[in-house]
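A short worksheet on the structure shown next.
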Amino acid sequence: MAEQLYHTTYQSPLGKLKIAVTDTCVRMVEFMKEDEAIPPANDSPLLTDCVQQLIEYFQGERRVFDLPLDQPGTGFQQQVWNLLCVIPYGKTISYLDLALQSGDRNNTRAVANANGRNRIAIIVPCHRVIGHNGSLTGYAGGLWRKKWLLELELKWTHGVQTLF
């Protein structure tokens, strides 16, 4: 029997997020496209908690999310997503650094692919991965959102207003 999925949307400062959870874990937090149909909302305590933690993040009151996560993926993708979760708030690492942490410097492209398949935006902070030369590269939500998120974290960490 398939687990019940609960859905909601949250109007973040960066646009609408669609959120899906089960009774036990967060499965998805993704930016919605402008013309995308809004899924029917239903409620669960975990949905409420997820939205509240996102609100706290955007207000600078939360640096670490405390939510059970589960998104389907290969063992390698799971490894990369777990590594993303330990990148400190307000910090960035390169795709090369992430590949080295995964065990093979030649995994840069595979790491980037896994990063791009992350379906739990912000909470699994793939926005904290940048190019080896310090450039902003690749973000499913758009580079402008990646820049905004990094600047938000720097603002709350160091009072820095602009980074890129």
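Exactly one of (1) open to solvent by 40 Å² or more (accessible area, probe 1.4 Å); (2) under 24 Å from D66 (Cβ atoms); (3) hydrophobic (A, V, I, L, M, F, W, C) is unmet by I122. Its number?
(1)
For the stretch 98-116, check the following and say yes or no: at least one residue is open to solvent by 70 Å² or more (accessible area, probe 1.4 Å) and not in a helix (DSSP H, G or I). Talk me through it step by step, then tell me what you get.
Taking the stretch 98-116 as the starting set, the residues that turn out to be open to solvent by 70 Å² or more (accessible area, probe 1.4 Å) are 100-101, 105-106, 109, 113.
Next cut, not in a helix (DSSP H, G or I) only: none.
Within the stretch 98-116 (the criterion being open to solvent by 70 Å² or more (accessible area, probe 1.4 Å) and not in a helix (DSSP H, G or I)), the answer is no, since none of the residues qualifies.
Testing T48 on (1) without any contact (Cβ under 8 Å) to a residue 40 or more places away in the chain; (2) open to solvent by less than 60 Å² (accessible area, probe 1.4 Å), one condition comes back false. Which one is that?
So T48 meets the others, but not (2).
Out of the residues in the stretch 126-138 that are touching a residue at least 24 places away in the same chain (Cβ under 8 Å) and buried (at least 23 other Cβ atoms within 10 Å of the Cβ), which is farthest from T9 (Cα to Cα)?
Among them, the one singled out is V129.
Yes/no per residue for (1) open to solvent by 70 Å² or more (accessible area, probe 1.4 Å); (2) assigned to a strand (DSSP E or B); (3) touching a Lys or Arg at 6+ places or on another chain (Cβ under 7 Å); (4) not basic (K, R):
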| site | (1), (2), (3), (4) |
| --- | --- |
| D23 | yes, no, no, yes |
| M28 | no, yes, yes, yes |
| K33 | yes, no, no, no |
| A37 | yes, no, no, yes |
| A41 | yes, no, no, yes |
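Being closer than 19 Å to I130 by Cβ and outside any helix (DSSP H, G or I) is the filter here; which residues of the stretch 64-97 pass it?
Correct list: C85, V86, I87, P88, Y89, G90, K91, T92, I93, S94.
Cβ-Cβ under 9 Å, sequence separation 6+ or interchain: first residue in the stretch 1-12 and over 12 Å from A41 (Cβ atoms), partner acidic (D, E). Which pairs?
Here the result reads E3/D23; Q4/D23, each pair linking the stretch 1-12 to a residue that is acidic (D, E).
Being open to solvent by 60 Å² or more (accessible area, probe 1.4 Å) and in contact (Cβ under 8 Å) with a residue 12 or more places away in the chain is the filter here, so list the residues in the stretch 53-67 that pass it. Spell out the reasoning first.
At the first step, the residues of the stretch 53-67 found to be open to solvent by 60 Å² or more (accessible area, probe 1.4 Å) are 59, 61, 63-64, 66.
Scanning the stretch 53-67 gives R63, V64, D66.
Starting from residues that are among the aromatic types (F, W, Y) and open to solvent by 70 Å² or more (accessible area, probe 1.4 Å), keep the ones in the stretch 139-158 and report whichever is farthest from the chain's Cα centre (by Cα). Please lay out each step first, then the result.
Initially, the stretch 139-158 is screened for residues among the aromatic types (F, W, Y), giving 139, 144, 148, 156.
Now narrow it down to the ones that are open to solvent by 70 Å² or more (accessible area, probe 1.4 Å): 144, 148, 156.
On the way: W144: 15, W148: 13, W156: 18 Å.
Looking at the filtered set, the residue picked out is W156.
The values are calculated or read from the model by the stated rules, or taken from the named source; none is laboratory data. The model shown is predicted, which means the values in this text are computed figures rather than measured ones. Cβ: placed from backbone, ideal geometry, glycine included. Neighbour counts: every protein chain shown. Heads up: the accessible areas ignore ligands, DNA and RNA and are worked out on the full protein's heavy atoms, side chains in. Shrake-Rupley method; radii C 1.70, N 1.55, O 1.52, S 1.80 Å.
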